[in-house]
Amino acid sequence: MGAVILLSGGLDSVVSAYAARDEHQPELAITFDYGQRAAARELEAALRVAADLGVDHRLIKLPWLARLAPAAVTDPGADLAAATDATVWVPARNAVFISIAAAYAETLECEAIVCGFNAEEGDAFPDNTPEFVTRADALLELATRNAPRVVAPTLNLTKLEIVQLGVSIGAPLQLTWSCYGDGPEHCFECPSCLRLRDALQAAGIWESWQAQRRDSR
């Protein structure tokens, strides 16, 4: 039985995809464009990762969600350095993503929806928590005929632990895009970038990661 992967191209989703693939064979990777500033860079990363995994990829556009998202996520003129967890919250985003993935999972007869949640962001975002996963599973039991379950290998891990897991399983961390901005490189000023840099430095691979990114272009 296979899995549908929610693949943003960021650290958590990429490591989750590689961590889950032995038990849940990836059948389809989905990336969402909801008007976020980083959409093009996330798609670029997701396509490269999907190719490395050897899995089909689909881009799904949700323009209506952009109208609900805060300026810090969608406005090119917003100051990313001033962004906070509160100003980058997108209403019901993960619930929407999982619902769409569930429709594909039922059609493809997949048993799992692989997501990249993590313990650090669970403190600020309730849709990154174990309780959210439990309740999502309960919803999918009634919303689908095959009841796919949400699989989140990084759910209880910190960013440092996710980096360490990624290294240990050979996930291509150099291909990821975790910035809220649109590049050409990570800003290392927004909250997501700061969490990533701290984790890479704590893992002792900050410089090697930068070098690998340069070589992968």
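Here is a check on your reading of the model: is VAL167 assigned to a helix (DSSP H, G or I), in contact with a helix residue (DSSP H, G or I) (Cβ under 9 Å, 6 or more places away or on another chain), aliphatic (A, V, I, L, M) and modelled with pLDDT of 95 or more?
Details: assigned to a helix (DSSP H, G or I): yes; in contact with a helix residue (DSSP H, G or I) (Cβ under 9 Å, 6 or more places away or on another chain): yes; aliphatic (A, V, I, L, M): yes; modelled with pLDDT of 95 or more: yes.
In short, yes.
Scanning the range 38-61 for residues that are of a type in the set (Lys, Arg), surrounded by fewer than 20 Cβ atoms within 10 Å (Cβ to Cβ) and more than 20 Å from ALA105 (Cα to Cα) gives a single hit, ARG48. Would it be correct to say that SER178 is modelled with pLDDT of 95 or more and under 16 Å from the mean Cα position of the chain (by Cα)? So SER178 fits the description; yes. Within the range 42-57, if we keep just the residues that are without any contact (Cβ under 8 Å) to a residue 40 or more places away in the chain and of a type outside the set (A, V, I, L, M), the residue that is nearest to ARG214 (Cα to Cα) turns out to be GLY54.
Of all the criteria given as (1) under 25 Å from ALA83 (Cβ atoms); (2) in a helix (DSSP H, G or I), the one not satisfied by GLY183 is (2).
When LEU173 is tested against (1) over 16 Å from SER8 (Cα atoms); (2) in contact with a Leu (Cβ under 8 Å, 6 or more places away or on another chain), only condition (1) is not met.
Take residues that are within 15 Å of the chain's Cα centre (by Cα), modelled with pLDDT of 95 or more and of a type in the set (Ser, Thr, Tyr) and tell me which of the strands (runs of 3 or more DSSP E) falling wholly in the range 1-105 contain 1 or more. Steps first, please.
Working: elements: 2-6, 25-33, 56-61.
Once the strands (runs of 3 or more DSSP E) in the range 1-105 are filtered for at least 1 residues that are within 15 Å of the chain's Cα centre (by Cα), modelled with pLDDT of 95 or more and of a type in the set (Ser, Thr, Tyr), what remains is 25-33.
Considering only the range 130-151, I want to know if a residue exists there that is under 17 Å from the mean Cα position of the chain (by Cα) and either on the phi > 0 side of the Ramachandran plot or part of a loop (DSSP other than H, G, I, E, B) (or both). No - not one qualifying residue is present in the range 130-151. Output the number of residues of the range 34-78 satisfying the condition of being of a type in the set (Val, Ile, Thr) and within 18 Å of ASN94 (Cβ to Cβ). The number of residues fulfilling the criteria is 3. Being within 14 Å of ASP12 (Cα to Cα), of a type in the set (D, E, K, R) and crowded, with 17+ Cβ neighbours inside 10 Å is a property that does not hold for GLU111. In this structure, does ALA143 turn out to be crowded, with 16+ Cβ neighbours inside 10 Å and modelled with pLDDT of 95 or more? The answer is no for ALA143. Whenever a residue of the range 138-158 is without any contact (Cβ under 8 Å) to a residue 24 or more places away in the chain, its partners that are surrounded by 15 or more Cβ atoms within 10 Å (Cβ to Cβ), lying with C-beta atoms within less than 6 angstrom and at least six residues away or across chains, give the pairs GLU141/ALA147; ALA147/LEU140. When residues in the range 196-205 are screened for being part of a helix (DSSP H, G or I) and closer than 14 Å to GLY166 by Cβ, 4 of them pass.
The values are calculated or read from the model by the stated rules, or taken from the named source; none is laboratory data. Because the structure is predicted, anything quoted here is derived from the model rather than measured. Note that each Cβ is placed from the backbone with ideal geometry, even for glycine, and that neighbours are counted across all protein chains shown.
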